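Accompanying notes for the structure given below.
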Amino acid sequence: MRLISTEVLQTGMVIGRTIWNEIGRPLLQKGVKVSDLIIKRLQELNIQYVYIDDSISKDIEVKEAIPRTVRQHAVQQITSSFNQLKMLKGKDVTYCLDRQSKQFTLIIDDLLNNIMNNKEILTILSDAFLYDNYIYQHSLQVAVYSIAIAKEMKYNAVEIRQIGIGAILHDIGKMMIPQEILKKPGRLTNEEYEIMKQHTKYGFDILRNLHTISLLSAHCAFQHHERLDGSGYPRGLLDFEIHPYAKIIAVADVFDAVTSNRVYRNKMLPSLGMDIIKEGSGTLYDEKVVNALRRCVAYYPNGTVLLLSDGRRGIVCKQNKENTERPWVRIFEENNEILKATYEILLADEVDLSVKKVEVEYLSQVE
């Protein structure tokens, strides 16, 4: 299967991967032929990319790190819990979340079990799952990335569980922020931004009073917007003042934010998101955490068409665990001509070869 932008999706193309809604029902089934109506609906839903099946991507598999049922159960639990908190105040919030904390622990254990047993490079296909509220999906995905990073950094199971809990609840304080600010499609005013920044303190105040959640997990909510150079908030902490768990969640939070659709901008491809994180390595984000993310997340997901520096085109067919930025590529085009027989190269072995462009808008001559 091949990743393609819905902007160039054409009638007659075949959907290669099912798209699911938030209650676990298929919105668009694998194997369905695309029609003009389907294209219009996908664009209305702001789905930027889909997978299609075609001749150049035959037998290329794309595997999710987290099973669909686990993912949907997690988002449903997050949605239910967060929505209940919106209607509560003071001690009622603490009491409610204390009762629900066991469910969050079970979610983290499920995610931890899947990630620990997954030997593949992590690929998150957010457009394959549609949810009404960004925060719920974001909370889950930040937990997934944080657990994967912590695993890569050799934290033990108890520590990873604390990090996971902190990650899945890192934005709990946003339930106390007015919806008109949370969902504002344009840029926030200075006054609105100051209100938004309070979510870190609100989250910390909620979590630190829980008997069932570690204080270290609470600090993840408090510090996930702090930056090494002191430019973050709420307290402008410096490198050594920021808890290591919060440094992990900071990177996971930003990476997922830039690679997900937001009300004020479209998502970036993983390679561009990773480039943004790399630019801040050592100044904004902990270098060890950034390098761990680079080792465990697919830079170019399987099915991505790449234009190489020598003019050849290929499609990522397999990940390279030794260097996620230099995967296996199936070459299908040379000198602007489709090859009758494709062949595979490992970019890591081609020292003089680089990726010139990621081509999600590529239209094959042999669809």
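The values are calculated or read from the model by the stated rules, or taken from the named source; none is laboratory data. Being a predicted model, the structure only gives us computed values, none of them experimental. Here Cβ is always computed from backbone atoms with ideal geometry, including for glycine, and neighbour counts include all displayed protein chains. Each accessible area value is taken on the protein alone, full model and side chains, heavy atoms only, with ligands, DNA and RNA left out. Shrake-Rupley method; radii C 1.70, N 1.55, O 1.52, S 1.80 Å.
Per the conditions (1) at pLDDT 95 or above; (2) β-branched (V, I, T); (3) loosely packed, with under 15 Cβ neighbours inside 10 Å, the sole criterion not satisfied by V158 is (1).
Taken together, the residues in the stretch 206-231 that are within 18 Å of L293 (Cβ to Cβ) and out of contact with any Leu (no Cβ under 7 Å at 6 or more places or on another chain) amount to 3. Number of residues in the stretch 273-318 that are open to solvent by 50 Å² or more (accessible area, probe 1.4 Å), assigned to a loop (DSSP other than H, G, I, E, B) and among the aliphatic types (A, V, I, L, M): the value is 1. Could you please let me know if D132 is modelled with pLDDT under 80, of a type in the set (D, E) and either crowded, with 20+ Cβ neighbours inside 10 Å or not in a loop (DSSP other than H, G, I, E, B) (or both)? It is false that D132 is modelled with pLDDT under 80, of a type in the set (D, E) and either crowded, with 20+ Cβ neighbours inside 10 Å or not in a loop (DSSP other than H, G, I, E, B) (or both). Scanning the stretch 320-367 for residues that are touching a helix residue (DSSP H, G or I) at 6+ places or on another chain (Cβ under 8 Å), outside any strand (DSSP E or B) and among the aromatic types (F, W, Y) yields nothing. Every condition in (1) in a loop (DSSP other than H, G, I, E, B); (2) buried (at least 19 other Cβ atoms within 10 Å of the Cβ); (3) of a type in the set (S, T, N, Q) holds for Q10 except the one numbered (2). Against the numbered list (1) of a type outside the set (S, T, Y); (2) surrounded by fewer than 21 Cβ atoms within 10 Å (Cβ to Cβ); (3) at pLDDT below 95, L238 comes up short only at (3).
Within the option set H170, H219, H243, H224, being touching an Asp or Glu at 6+ places or on another chain (Cβ under 6 Å) and closer than 20 Å to I149 by Cβ holds for one residue only, H224. Under the condition of being more than 28 Å from V329 (Cβ to Cβ) and surrounded by 14 or more Cβ atoms within 10 Å (Cβ to Cβ), the residues counted in the stretch 47-70 number 1. It is to be established whether one or more residues within the stretch 262-271 are out of contact with any strand residue (DSSP E or B) (no Cβ under 8 Å at 6 or more places or on another chain) and small (G, A, S). No: the stretch 262-271 contains no residue that is out of contact with any strand residue (DSSP E or B) (no Cβ under 8 Å at 6 or more places or on another chain) and small (G, A, S). Within the stretch 166-186, being in a helix (DSSP H, G or I), under 21 Å from the mean Cα position of the chain (by Cα) and more than 14 Å from Y136 (Cα to Cα) holds for one residue alone: G166.
Inspect the stretch 210-225 for any residue being of a type in the set (V, I, T), at pLDDT below 90, assigned to a loop (DSSP other than H, G, I, E, B) and open to solvent by less than 60 Å² (accessible area, probe 1.4 Å) and give the result as yes or no. Yes: the stretch 210-225 contains one or more residues that are of a type in the set (V, I, T), at pLDDT below 90, assigned to a loop (DSSP other than H, G, I, E, B) and open to solvent by less than 60 Å² (accessible area, probe 1.4 Å). For residues that are closer than 20 Å to A148 by Cα, in contact with a helix residue (DSSP H, G or I) (Cβ under 7 Å, 6 or more places away or on another chain) and in contact (Cβ under 8 Å) with a residue 60 or more places away in the chain, tally how many sit in the stretch 298-319. The qualifying residues number 2.
Of all residue pairs spaced 6 or more apart or on separate chains, those with beta-carbon atoms under 8 Å, a first member in the stretch 19-30 that is free of Cβ contacts under 8 Å to residues at least 60 places away in the same chain and over 16 Å from N46 (Cβ atoms) and a second member that is hydroxyl-bearing (S, T, Y) and surrounded by 14 or more Cβ atoms within 10 Å (Cβ to Cβ) are P26/T18; Q29/T18; K30/T18.
Against the list (1) in contact (Cβ under 8 Å) with a residue 60 or more places away in the chain; (2) open to solvent by less than 20 Å² (accessible area, probe 1.4 Å), the condition V34 fails is (1).
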